[in-house]
């Protein structure tokens, strides 16, 4: 019988801690903002995917900077139906990448998926013991201790950045003489892409979507640009005394993600603790 629950009662951090301590083998499926899966072998993370279409090896290598976009497109068109293991073997033989490139790229993709899951506060999960992905996938064992530590750090960073930049529907504009100032600092490729979209007509959320960036990633980049004095808000969220944040652009109240989380009454806290204890006992018995 599979273990089931909701991330409202049992967080990703708690789930990974239990799987690590119990040295479990199986697949954890989470139905949240997007469908996601994590697979484990004897307590080690070996695979992760998010979204309806799992990334293939060519796309992972491109995201890690090992293949150009043209190379990725060409490989995807010619290697249709080929497994990641088969494709990896051919790419190594052809001298396009090394075994180390493939391991690093797959590892980077898996960790990117898992770290995004740490920020999910809601979602139905299911753990199926002894189920692993198809042998065609490349599985890279990763110790969960380091994943949990880094994931927890990112959660705290996300909370801090959400306080610093609460309104992703705000717009940005450059400060005085941005060209001269930009020439004096070093920006990453992602930061340059964000800079290229800075315009009062574009909201921070639109810039994130255009560059395929998560809320954490866009907040991190925008915070750095703000601190460096390169950009400034064209509008700031207005927070009425005793009210909810209101965007001056459209007058709509902020969504649930922008409001401070409500404190649970003592009765609800007891119920939540009871659910967690039952889940702990259940996963240990699998």
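Limited to the range 111-130, what total is found for residues that are more than 15 Å from residue 43 (Cβ to Cβ) and in a loop (DSSP other than H, G, I, E, B)? Quick ask: steps written out before the conclusion?
Of the residues in the range 111-130, the ones more than 15 Å from residue 43 (Cβ to Cβ) are 111-113, 115-126, 128.
Narrowing further to those that are in a loop (DSSP other than H, G, I, E, B): 118-123.
Qualifying residue count, the range 111-130: 6.
Tell me, please, whether a residue that is modelled with pLDDT under 90, more than 18 Å from residue 137 (Cα to Cα) and assigned to a helix (DSSP H, G or I) can be found in the range 77-93.
For the range 77-93, residues modelled with pLDDT under 90, more than 18 Å from residue 137 (Cα to Cα) and assigned to a helix (DSSP H, G or I): present.
Does the range 134-159 hold any residues that are touching a residue at least 24 places away in the same chain (Cβ under 8 Å) and either assigned to a helix (DSSP H, G or I) or outside the structural domain of residue 20 (by TED's automatic domain parsing) (or both), and which are they?
Result: 144, 145, 147, 148, 150, 151, 152, 154, 155, 157, 158.
Out of 43, 65, 51, I need the residue that is more than 26 Å from residue 189 (Cα to Cα) and assigned by TED's automatic domain parsing to the domain that holds residue 151. Which one?
None of the others qualify; the one that does is 43.
If only one of 109, 89 is within 19 Å of residue 35 (Cα to Cα) and either within 14 Å of the chain's Cα centre (by Cα) or free of Cβ contacts under 8 Å to residues at least 40 places away in the same chain (or both), which one is it?
Unique residue meeting the criteria: 109.
Would you please name the residue that is nearest to the chain's Cα centre (by Cα), looking only at residues in the range 206-218 that are assigned to a helix (DSSP H, G or I) and exposed (fewer than 15 other Cβ atoms within 10 Å of the Cβ)?
209
Give 39, 55 a once-over and let me know the one that is in a strand (DSSP E or B) and closer than 22 Å to residue 82 by Cβ.
Exactly one of 39, 55 is in a strand (DSSP E or B) and closer than 22 Å to residue 82 by Cβ, namely 39.
Tally the residues that are in contact (Cβ under 8 Å) with a residue 12 or more places away in the chain and farther than 30 Å from residue 118 by Cβ, restricting the search to the range 38-75.
Counting residues in the range 38-75 that are in contact (Cβ under 8 Å) with a residue 12 or more places away in the chain and farther than 30 Å from residue 118 by Cβ gives 2.
Scan the range 13-21 and tell me whether some residue there is part of a loop (DSSP other than H, G, I, E, B), in the same structural domain as residue 110 (by TED's automatic domain parsing) and buried (at least 16 other Cβ atoms within 10 Å of the Cβ).
Within the range 13-21, none of the residues are part of a loop (DSSP other than H, G, I, E, B), in the same structural domain as residue 110 (by TED's automatic domain parsing) and buried (at least 16 other Cβ atoms within 10 Å of the Cβ).
From the list 228, 180, which residue is surrounded by 12 or more Cβ atoms within 10 Å (Cβ to Cβ), more than 26 Å from residue 12 (Cβ to Cβ), modelled with pLDDT of 50 or more and outside the structural domain of residue 122 (by TED's automatic domain parsing)?
Working: 180 fails: surrounded by 12 or more Cβ atoms within 10 Å (Cβ to Cβ).
Only one candidate qualifies: 228.
Name the one entry in 58, 39 that is touching a strand residue (DSSP E or B) at 6+ places or on another chain (Cβ under 7 Å) and either modelled with pLDDT of 90 or more or closer than 30 Å to residue 9 by Cβ (or both).
None of the other options fit; the residue is 39.
The values are calculated or read from the model by the stated rules, or taken from the named source; none is laboratory data. Just so it is clear, the model here is predicted, and its values are computed rather than measured. Every residue, glycine among them, receives a Cβ derived from its backbone with ideal geometry; neighbour counts consider all protein chains shown.
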